Amino acid sequence: MKIVVLVKQVPDTAEERKLNLATGQLDREATDSVVDEINERALEAALRLKDADKGTEVVAMTMGPADAVQALRKALSMGADSAVHIVDDSLNGADTGRTAATLAAALRVTGFDVVLAGNESTDGRGGVVPAMVAEHLKLPLLGSLVSADIADDGVHGVRQGEGGTLTVRAALPAIVTVTERFPEARFPNFKGILTAKRKPVTTLSAAELDVPAGVSRTVVVATVERPPRAAGRKLIDDGTAADELAEFLVANRLV
Amino acid sequence: MSNVLALIEVSHRGEMAASARGLLAAAATLGSPVAVVVSAAPLADDDVAWLGELGAVRVYAALTAAAGTVLVAPAVDALGAAIDAYSPVAVLTANSVDGREAAGRLAVRVGGSVLADVVQVRSDNGTVVARHSVFGGAYTVDSVVEGGLPILTIRQGAIEGQAPSATAAVDEAFLDTPSEGAAVIDGFNDDAVVSARPELRTAATVVSGGRGLGSPENFALVEQLADTLGAAVGASRAAVDAGYVAQTAQVGQTGVSVSPQLYVALGISGAIQHRAGMQTAKTIVAINKDEDAPIFEVADFGIVGDIFTVVPKLIEAVKARSN
């Protein structure tokens, strides 16, 4: 089985993330870039299948600037067999539609039985790219799964719905997205880090993929930074703090 | 007036989703709201009347045997057919698991673009402008769609108010069963506990607990204060990961984003990922024994103390004042 794991390099959520106020785009200088944690969980799911069946091939794919190759190196050091890097200046600031069209084209070239991705990235939080990719490829999407059983005859999974969970399934090939309920990813070991350097990374440009420019696109028209919150009163409890808080809540009509 | 489609989700038990109010309210600010509903059985008169009360001028009732057995595809087909029927200026879905998948597929199918996780909408000389709250509310970003149909996923609980009520006219349509590329639903497992507490995403007051609670049993303290304040219950990821409370209560970067009038954080250190889900609250109260906990940097009222001492006293003090 061939599994392609979609990986996105995102600003570290442990730091103060910044937008460029003129363009509305991410300020990549402001924070460290890391592999989005949800993608690591997706990769872990793929690697567990590989642990159980050595015939499983795991490919990590990303679209991003030159520096995004770091995310692929991390995936390779964790255990992916190879990687695909879609890199092209014309893709700077690509919206979800352009991103999905490009990923779909690259997935056609790469080939797969299963595509594994995160349910949403921590930066954009849109959660629409996997569905767009599925529509481009005319494939089923099993999205926002809390668990999955992936086998040659198809994927069975449990999906997190609004008021409970759903038992769902699809035949292969299929697109699958995982939630935080999937197991945490393994750490790269020393051998993994050494062998990662010898694993192949294929580079694809937008021209090679020949993705037609869509007629529709999203445009940011304004970006405003909110003033930071200021700290208010802070009491050390001496036995009376609860009463003072109750007074504060009443005075501000919060109870 | 221009039509605006709103996808109204229906549970497998036939209940209309609470997100309908916000969707129809947002639709009404952009044009004439058309509720798009997919179901296996014809809609009850009560459901149509309810949608009208929430502002639907028309209801596009798409009937298909695939509703409840095929995942999301029937909703995409219904929206596609409704676009042909009403030539809308925008399509709105909830930013829910189903809603955003429907929006993503629809954008590819009809040549539109998705404006995701929208917290406010307006029409600027006929252009649909969507507002987003980015990086946990640190930025407010406005965006538009050029050259195609705007498809908006609306953050649940973000749109306030209600559209003027209408008497909804019903247009019934029959959809074919989706043939290719669809996933199948084999069953539903509803959450067992239907709480009498307010819904987390729309509650005016939220009381959240963190790792400081120490155990699932102790988490009852959070629930007691929540019930005293008429609040919803939330939690930090640490508390969820430790198994104190269900994942659906998670507030933060990768959970629910809330903007209540009052947010009370109990035993929550206030990691940046948690603050990303609650720092747009109007008033923040924090109680934590660690004087240096970062939650105090954003708290309007902070108490450095033991939650197991302070919270029971607070419950008594609030009860005494409200009597």
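Derivation of every value follows stated rules applied to the coordinates shown; laboratory data play no part. From a predicted model like this one, the values you see are computed outputs, not experimental measurements. Every residue, glycine as well, gets a Cβ built from its backbone with ideal geometry; the counts of neighbours run over all protein chains shown.
Binning all Cα-Cα separations of region B:205-322 at 5 Å, short to long from zero, yields these whole-percent fractions: 2, 13, 25, 28, 21, 8, 2, 0. Look at where the Cα atoms of region A:163-211 and of region B:226-262 average out, and the two centres are 30 Å apart.
With n ≥ 4 as the cut-off for DSSP H runs, can you work out [θ] at 222 nm for chain A, using -39500 (n - 2.57) per run divided by the number of residues, rounded to the nearest 500?
Value at 222 nm, helices only, nearest 500: -8500 deg cm²/dmol.
Shown in residue order for region B:196-210 are the 3J(HN,Hα) couplings computed by the Karplus curve 6.51 cos²θ - 1.76 cosθ + 1.60 at θ = phi - 60°: 7, 6, x, 6, 3, 5, 10, 5, 6, 10, 10, 10, 10, x, x Hz (x for Gly and Pro).
For the cross-link pairs A:Lys54/A:Lys191; A:Lys8/A:Lys138; A:Lys18/A:Lys138; A:Lys8/B:Lys289; A:Lys18/B:Lys289, the ones whose C-alpha atoms lie over 26 Å apart are A:Lys18/A:Lys138; A:Lys8/B:Lys289; A:Lys18/B:Lys289.
For the segment A:120-126, counting C-beta atoms of other chains within 10 Å of every residue's C-beta and taking the mean gives 6. With a 10 Å cut-off around each Cβ of A:208-221, the average count of Cβ atoms from other chains is 5. With Cα atoms as the point set, the protein assembly as shown shows a radius of gyration and Dmax of 23.9, 73 Å. Taking the C-alpha atoms only, the angle from helix B:73-86 to the longest principal axis of chain B is near 60 degrees. Computed over chain A with a Gaussian network model linking Cα atoms closer than 10 Å, the most mobile of A:Arg125, A:Arg186, A:Arg169 is A:Arg125. Extension gain for the segment B:Glu217 to B:Asp306, taken as residue separation times 0.36 nm less the Cα-Cα distance, is 30.4 nm to one decimal. Amide H contacts of B:Gly148 (H built 1.01 Å from N, in plane; Pro and chain starts excluded): A:Arg217 sit under 5 Å, all sequence-distant by 5 or more or on other chains. Reducing region B:111-127 and region B:32-108 to their Cα centroids gives an inter-centroid distance of 18 Å. Here the contact order of chain B, divided by its residue count and restricted to Cα pairs under 8 Å and six or more residues apart, works out to 15 percent. Annotation: amide H of B:Phe188 within the under-5 Å range of A:Thr167, sequence separation 5 or more or interchain, hydrogens built in the peptide plane. Legend: helices of chain A (whole DSSP H runs) are marked when their alpha-carbon atoms reach 27 angstrom or more along the helix axis and their mean Kyte-Doolittle hydropathy is at least -0.5; nothing is marked. Only Lys, Arg, Asp and Glu carry charge here, each on its Cβ (+1 for the first two, -1 for the last two); on that basis region A:2-209 has a dipole of about 520 debye about its Cα centre. Between region A:21-93 and region B:128-200, the C-alpha centres lie 29 angstrom from each other.
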